[in-house]
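Participant: Sharing a structure with you now.
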Amino acid sequence: MRDFVLYFLRLGALGFGGPIALVGCMQRDLVDERGWVSKDDYTQGLALAQLAPGPLAAQLSIYLGWVRGRALGGALVGAAFVLPSFLMVMALSWLYLRFGGVPGMQAAFYGIGAAVIALIARGANKLIRSTIAKDKVAWVICAVNAVVTAWTESEIVWVVVGSGLAMLAVRALPRRAAAASSLLVLPPWLVTGLHGPVDHGTLWRITTFFTEAGGFVFGSGLAIVPFLRGGVVEQFHWLSNQQFLDAVAVAMITPGPVVITVAFIGYLAAGPLGATLAALGTFMPCYLFTVLPAPYFRRYAENPQVKAFVTGVTAAATGAIAGAAFVLGRRALVDIPTVLICVATLGVLARWKIQEPLVIAVAGLTGLVLKAWL
């Protein structure tokens, strides 16, 4: 268990590329190379993470921790996965408030974004090969979900559930037929954001809003970002549109789950306490929605009907990931230099076994040089 927790601490500190790339890393490291997790457990975890609301990669990590150590294992793994990026975002948030922005962030992301697309594409390809293989029905479900995600730029839970029911109808049914509290006085620095110290009402709104985001938004960071923008920019006016884009950029250039952008938003809105409440509000439902149904999900996993449903949902998740890769690629590959960075990254990763942090660092430096030159 110690080695398992340390692995997720390292993945949270060095894993770039968002949920798609992180999910691929877990499969490569834990299933293919180390054999710490069985393929069935991984597939079941991916299906449950796709069905339950909340961030995909964090939920999968919690489920795998639950498999190894039940509720305590899920809590330890989830905390280890989220903590490094949370601390990094807290530091960047402080710099942002102190200096009025993050110098060089956009220039670095110019190169990093292109390299991340290569990491995502490689992870999506591996997921497709390992979870779908030669299953024709699963290929159809995967393709439908990829097109829906690419077209709508979001993951639609009813399409995912419908995919599971479709696989159930094709595979299993014919066979079955045949067979709230008050706050103490707090020091001003702890609750000071962009607009100065905030009151208890703002802290409560931050907690409830981000708990709603964690509890009712399905899919990866791709799905949660529009929801966050609607509340943060349009409804509560905690951030301007540019400040919100900066928050998303911070999440993309730091390792770990993309949803950690909630900590940056919470910090700008209400200081360190706001960041902590936003993170807890987002990830606590994720933990509960994974750990509570996990025993029942695992108990009936070998049932033919449940197995068919999980196969359909897994194919849907894989298709949604492929569609998300297309959406992200369309936004990150904006000109010839970014396309070349992406292609070069794919070529390097295909030929040599290089750690992702080194790839991200080189891409970031390339982006800084290109932006300065252009």
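Participant: Output the helices (runs of 4 or more DSSP H) that fall wholly within the stretch 132-249 and possess 2 or more residues being modelled with pLDDT of 80 or more, farther than 30 Å from ALA114 by Cβ and polar (S, T, N, Q), or say none.
Facilitator: Filter on the stretch 132-249 gives 200-216.
Participant: Among the candidates TRP36, TRP66, TRP94, single out the residue that is part of a loop (DSSP other than H, G, I, E, B) and either in contact with a helix residue (DSSP H, G or I) (Cβ under 9 Å, 6 or more places away or on another chain) or surrounded by 19 or more Cβ atoms within 10 Å (Cβ to Cβ) (or both).
Facilitator: TRP36
Participant: Here is a further query. Can you list residue pairs whose Cβ atoms sit under 8 Å apart, with the first residue in the stretch 18-33 being under 17 Å from VAL77 (Cβ atoms) and the second being modelled with pLDDT of 85 or more and surrounded by fewer than 19 Cβ atoms within 10 Å (Cβ to Cβ)? Count only pairs 6 or more apart in sequence or on different chains.
Facilitator: LEU30/TRP36; VAL31/SER38; VAL31/LYS39
Participant: Another one. Do we have any residue at all in the stretch 285-302 that's among the acidic types (Asp, Glu), over 20 Å from the mean Cα position of the chain (by Cα) and either buried (at least 24 other Cβ atoms within 10 Å of the Cβ) or closer than 27 Å to ARG68 by Cβ (or both)?
Facilitator: yes
Participant: Same structure, new question: From THR282, THR314, THR318, grab the single residue that is modelled with pLDDT of 75 or more and crowded, with 21+ Cβ neighbours inside 10 Å.
Facilitator: Matching residue, one of THR282, THR314, THR318: THR282.
Participant: Moving on. What residue, among those in the stretch 1-33 that are part of a helix (DSSP H, G or I) and aromatic (Phe, Trp, Tyr), is surrounded by the most Cβ atoms within 10 Å (Cβ to Cβ)?
Facilitator: So the residue we want is PHE8.
The values are calculated or read from the model by the stated rules, or taken from the named source; none is laboratory data. Everything quoted here is computed from the prediction, not taken from an experiment. Every residue, glycine among them, receives a Cβ derived from its backbone with ideal geometry; neighbour counts consider all protein chains shown.
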